[in-house]
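Please read the structure below before turning to the comments.
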Amino acid sequence: MPEHTNRLIHSTSPYLLQHAHNPVDWYAWGDEAFAAARQRGVPIFLSIGYSTCYWCHVMERESFESEATAAVMNERFVCIKLDREERPDVDDVYMTATQAMTGRGGWPMSVFLEPESLKPYYCGTYFPPTPRHGMPSFEQVLIGMSDAWAERSDDVVSQANRLGEAVTEQLVSRDQPVMIGAEQVQQAVGTLLKIADMQHGGFASAPKFPQPAYIDFLLEVRDASDEPTRQAIDRVVTLTLDQMIMGGIHDHVGGGFHRYSVDAFWTVPHFEKMLYDNGQLAATYARAARIYDNADYRRAATRTCDYIIREMTSPDGGFFSAQDAEVDSREGLNYLWTPDEVRAVLSAADADFAIERFGLDAGTNFQDPHHPDEPPSNVLRLSAMPGVDADRIDRICAELLRRRDTRKRPGLDDKVIAAWNGIMIRGLAETAVLTQEIQYLDAAERAAAFLREAMIDNRRGLLRSWRDGKAHTPAFLDDHANVVVGLASLARAQAALGRDQTAVIEFADELAKQAAARFVDPETGSLFDVPEGQSDLFVRGRSTYDGAMPSAVATMLNAWLDLAELRPNQDREQTAVRSLAALSSAIFDSPIATVHSTRALFRALRRELPLLEALESAGAVSRAVEERERPQPVEIYTDAERVSVSRETPAELAVMVRVLKGHHIIAADPGDGGEGLIPLRVAVVGGTGVQVYADYPEGKAKELPGIASTVRIYEGDIELTLALERTGDIGGRPLLVLTFQACTETECLPPQTLELDIAIDLD
């Protein structure tokens, strides 16, 4: 293939540099690209991804390295490549558009923009080089979008305006503030306990994400809960933490965690390793280790921090962003083992032990789906918690790591992101408090010093990204919020280990003041993700829902509360409760989707901050009656009003779920495309001693434009057969509930949990 060099060669982003030799005439996001598109009178093709994204690599190999495809792109579009990690604000705007148009999102994101307003008129994610699985080829999409612009430009502009309005409405919601309080906290706790997978841990089926924000919230409210709720929280939290430790999502050999599990059992991960995941999980395991006095949780936290210090720390300071999922186009190649490979490294006795404990004697569990002709192998997963064998397992893993280090390593994204470093500082600080070991505190302090010395500009303040000696891009709310939270955790760790915390608190305080000045609407108290007047965005967004990382808005709320606890300050408390009031409608609509904000709500209530006054001042209204009167998209019918369950005789119950026309609900097994969606679940809550099992139908595979994986859904009438079994002593008052998430063709509503009007008699 001829050698090309395009404009991306001057970038600092590893993701953009990966594409610097494509035959595509790529531009970076900015005025040069916008001016070129306007001068040529052609639309913009915007491709968004990140350096460790597997499907981004696939689309590059299939399309962006193709001379023929590049010729079409260059002739018909101005093509822009953007690193979502450097510009999360741009990514968030167009991800919202993609989700609004297709019902799903993901990376690589492929968006076609009207060049004057930069509003999108067509969105998708991965497109294959040839039509398959109901998706058009990428070249078909390119030609179709170019022809639409050339032949029906008025229609394209109208479509862009409509989609732009939908994005603006979602990102800049100005809903009337509503009264919120302890009820929303209780609702969030109840929903999490209901949707938890009580067999394998976690809060969904597959793919299964760690979701540390859920666990952190449950641990936060645990001590304030009644005894039955506390016991239920402990069951959910410990089961989830245990299963993740044992699963293949945990890198047993090197420490740390992969991004998510592609199955419901935590066995086969998506192999990329992200700094923000590991920082969150280190903090979560450290906190759980203190609460439960659990050595295995302590081990998970320390090995995660050890991995970050060993492999993800820049010699200049700060922590790198991510490690890739693939090696030589083979997913997970660096992390896989066979019994013969283990025996070649270990003594006979240790090899026998390792093969049994890591499940290699049970057959293979991994086959690369993209290379089915290659022999299967194994992702390591423990057959039981480390427990008393932890020292032996650690010694074995150290030997396996020495061998693994001789293999070709996954690609490293070596840029330093301010927000993600704040998250990792918190993880190290929490682990230092847990262990009283100074190396974790030292690593956190070095990272904080790097942020202060290398990523602060006298004129622009905190900067977002650093690589190869260059810091750039003014920081967003996400950066300020996560760095302040990290610094607050570091200050607490310094106090716990006898070090002076003054400088760290002053640094955090200054960043918090800058955040209030740049990102808070002085009239309403609303927080925004970007400063006012950002010229390359058609909307100033404020994302309120939590994803793999808690929203910036929620994190800033908790940051202000952290600082108020370190140094009581009435102005800071007032800022926090005023922003909570501005966020009240989103919390009311879905305390789970905004769980990190709900955690801030709980903290404000516990500290008896003047939230009620802030709500009243904001003109908050009660929406309880309005919510009860709102038409529901799902109706539930049963064939009995009560059932009797004995130790000898299970009970059966028929349930029909009717989904109203124009809606569908997410199936019990949503498939690979169901990331972040809540599947249909029936559960017993409010008591112990009885369990329910459901015979869920398979669901209909729904193809969504531009999405590589389908989502399984239910439409119309769904018939379920429930089996109720007595499992032990009765406690409390068991109730049957059904949890579901209803969607239309354009949006998914917040998850709901409805109680089935069935009396359960226990003999």
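The values are calculated or read from the model by the stated rules, or taken from the named source; none is laboratory data. What you see is a predicted model, and the numbers here were worked out from it, not measured in a lab. So basically every Cβ, Gly included, is an ideal-geometry build from the backbone, and we count neighbours across all protein chains shown. To get the accessible areas, we keep the full protein, side chains included, count just its heavy atoms, and leave off ligands, DNA and RNA. Shrake-Rupley method; radii C 1.70, N 1.55, O 1.52, S 1.80 Å.
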**Message:** For region 60-143, give me every one of the strands (runs of 3 or more DSSP E) that falls completely inside it and has 2 or more residues that are out of contact with any Cys (no Cβ under 9 Å at 6 or more places or on another chain).
**Reply:** 78-83, 120-124
**Answer from Thr229, Thr313 - the residue that is open to solvent by 10 Å² or more (accessible area, probe 1.4 Å), of a type in the set (S, T, N, Q), in contact (Cβ under 8 Å) with a residue 40 or more places away in the chain and touching a Phe, Trp or Tyr at 6+ places or on another chain (Cβ under 9 Å)** = Thr313
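Yes/no per residue for (1) assigned to a strand (DSSP E or B); (2) more than 26 Å from Thr302 (Cα to Cα):
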site	(1), (2)
Ala419	no, no
Ala448	no, no
Arg459	no, yes
Arg464	yes, yes
Asp479	no, no
Asn482	no, no
Val485	no, no
Gln494	no, no
**Item:** Matching residues in region 522-543 - criterion: being within 26 Å of Lys119 (Cα to Cα), open to solvent by 20 Å² or more (accessible area, probe 1.4 Å) and without any contact (Cβ under 8 Å) to a residue 60 or more places away in the chain
**Value:** Pro531, Glu532, Gly533, Ser535
**Fill in**
Given (1) modelled with pLDDT of 95 or more; (2) open to solvent by 10 Å² or more (accessible area, probe 1.4 Å); (3) within 29 Å of Phe528 (Cβ to Cβ); (4) touching a Phe, Trp or Tyr at 6+ places or on another chain (Cβ under 8 Å), Ser110 misses just (2)
**Request:** Filter region 399-425 down to residues that are open to solvent by 40 Å² or more (accessible area, probe 1.4 Å) and either within 30 Å of Gly363 (Cβ to Cβ) or small (Gly, Ala, Ser) (or both), then give me how many there are.
**Result:** 8
**Item:** Inter-residue pairs, beta-carbon under 6 Å, first modelled with pLDDT under 95 and in region 324-353, second open to solvent by 30 Å² or more (accessible area, probe 1.4 Å), 6+ apart
**Value:** Asp324/Gly411; Val327/Leu333; Val327/Lys408; Asn334/Arg407
**Request:** Could you please find all residues in region 255-299 being more than 21 Å from Ile393 (Cβ to Cβ) and in a strand (DSSP E or B)?
**Result:** Tyr260, His270, Met274
**Fill in**
Ile180 passes all but one of the listed conditions (1) farther than 20 Å from Asn74 by Cβ; (2) in contact with a helix residue (DSSP H, G or I) (Cβ under 6 Å, 6 or more places away or on another chain); (3) not in a loop (DSSP other than H, G, I, E, B); the exception is number (3)
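For every residue, the table says whether it meets (1) under 29 Å from the mean Cα position of the chain (by Cα); (2) open to solvent by less than 20 Å² (accessible area, probe 1.4 Å); (3) at pLDDT below 85.
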residue: Ala668; (1), (2), (3): yes, yes, no
residue: Gly673; (1), (2), (3): yes, yes, yes
residue: Leu677; (1), (2), (3): yes, no, yes
residue: Thr688; (1), (2), (3): no, no, yes
residue: Val692; (1), (2), (3): no, yes, yes
residue: Ala708; (1), (2), (3): yes, no, yes
residue: Glu715; (1), (2), (3): yes, no, no
residue: Leu720; (1), (2), (3): no, yes, no
**Item:** Tally of residues being closer than 20 Å to Leu113 by Cα and open to solvent by 10 Å² or more (accessible area, probe 1.4 Å) across region 61-85
**Value:** 7
**Selection status of Ala362, loosely packed, with under 15 Cβ neighbours inside 10 Å, small (Gly, Ala, Ser) and at pLDDT 95 or above** = no
**Message:** Being closer than 20 Å to Asn74 by Cβ, crowded, with 19+ Cβ neighbours inside 10 Å and among the hydroxyl-bearing types (Ser, Thr, Tyr) is the filter here; which residues of region 123-159 pass it?
**Reply:** Ser146
**Message:** Step by step: first the residues of region 365-398, then only those that are surrounded by 16 or more Cβ atoms within 10 Å (Cβ to Cβ) and in a helix (DSSP H, G or I), then the one that is farthest from the chain's Cα centre (by Cα). Which residue is that?
**Reply:** Ile396
**Asked** Do you know which residues across region 337-347 are surrounded by 21 or more Cβ atoms within 10 Å (Cβ to Cβ) and not aromatic (Phe, Trp, Tyr)?
**Response** Val342
**Asked** Among the residues of region 540-575, how many are in contact with a Ser or Thr (Cβ under 7 Å, 6 or more places away or on another chain) and either assigned to a loop (DSSP other than H, G, I, E, B) or among the aromatic types (Phe, Trp, Tyr) (or both)?
**Response** 7
**Condition met for Leu583 (under 15 Å from Ser526 (Cα atoms) and touching a strand residue (DSSP E or B) at 6+ places or on another chain (Cβ under 8 Å))** = yes
**Message:** Looking at the structure I just gave you, is Asp91 open to solvent by 10 Å² or more (accessible area, probe 1.4 Å), in contact (Cβ under 8 Å) with a residue 40 or more places away in the chain and within 28 Å of Ala166 (Cβ to Cβ)?
**Reply:** yes
**Request:** Taking the options Ala493, Ala576, Ala508, Ala564, name whichever one is over 30 Å from Ser617 (Cα atoms), surrounded by 20 or more Cβ atoms within 10 Å (Cβ to Cβ) and of a type outside the set (D, E, K, R).
**Result:** Ala493
**Asked** Restricting attention to region 252-302, which residues are hydrophobic (A, V, I, L, M, F, W, C) and in contact with a Cys (Cβ under 8 Å, 6 or more places away or on another chain)?
**Response** Val253, Ala282
**Prompt:** Give me the pairs: first residue in region 236-249 and open to solvent by 10 Å² or more (accessible area, probe 1.4 Å), second residue assigned to a helix (DSSP H, G or I) and of a type in the set (A, V, I, L, M, F, W, C), beta-carbon distance under 9 Å, and six or more apart or on different chains, which are they?
**Reply:** Thr238/Ala288
**Request:** Could you tell me which residue of region 265-276 is most open to solvent (accessible area, probe 1.4 Å), considering only residues that are over 14 Å from Gln211 (Cα atoms) and among the hydrophobic types (A, V, I, L, M, F, W, C)?
**Result:** Phe265
**Prompt:** When you scan region 472-490, how many residues do you find that are open to solvent by 10 Å² or more (accessible area, probe 1.4 Å) and either without any contact (Cβ under 8 Å) to a residue 60 or more places away in the chain or over 16 Å from Ser551 (Cβ atoms) (or both)?
**Reply:** 3
**Single residue of region 279-305 satisfying the filter (among the charged types (D, E, K, R) and within 23 Å of the chain's Cα centre (by Cα)) that is most open to solvent (accessible area, probe 1.4 Å)** = Arg287
**Request:** Give Arg162, Arg104 a once-over and let me know the one that is open to solvent by 50 Å² or more (accessible area, probe 1.4 Å) and basic (Lys, Arg).
**Result:** Arg162
**Selected residue (criterion: most open to solvent (accessible area, probe 1.4 Å)) from residues of region 321-336 that are outside any strand (DSSP E or B), closer than 21 Å to Arg61 by Cβ and of a type in the set (Gly, Ala, Ser)** = Ser329
**Asked** What residue, of Leu580, Leu612, is assigned to a helix (DSSP H, G or I) and over 23 Å from Thr191 (Cβ atoms)?
**Response** Leu612
